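What follows is a short report on a single structure.
None of the figures in this text is laboratory data; all of them are computed from the coordinates on show. In this text the structure is predicted, and so the values were computed from the model without any measurement. Here the Cβ is made from the backbone with ideal geometry for all residues, glycine too, and neighbour counts use every protein chain on show.
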């Protein structure tokens, strides 16, 4: 007898993928965001360059979503 059914295990894995991606992104954006705001306060002309550094961690959530969708059988 299996501890979890196949679908339940995939659902738990998909949830963990989304959770880990979201927590990782929040942790990174807290560091990058505070540093970027400090730089923008001193040099406002650098704002457009720093926006890219704020958007890069969002890809972690997208990767987590893709993994969760693959585990759930959407792809």
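Tabulated results
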| read-out | value |
| --- | --- |
| Fewest-first sequence of 61, 23 by Cβ atoms within 10 Å of each Cβ | 23, 61 |
| Kirkwood-type radius of the chain, with distances r between different C-alpha atoms, in Å | 14.2 Å |
| Helical mean residue ellipticity (222 nm; -39500 (n - 2.57) per DSSP H run of 4+; nearest 500) of the chain | -28000 deg cm²/dmol |
| Spin-label pair residue 34/residue 46, simplified geometry with 7 Å Cα→Cβ offset, distance in nm | 1.7 nm |
| Computed label-point distance, nm, for sites residue 22 and residue 56 using a 7 Å Cα→Cβ extension | 2.5 nm |
| Sequence-separation-based contact order of the chain, relative, with Cα cut under 8 Å and 6+ spacing, percent | 53 percent |
| Approximate spin-label separation residue 5-residue 63, in nm, with each point projected 7 Å along Cα-to-Cβ | 3.3 nm |
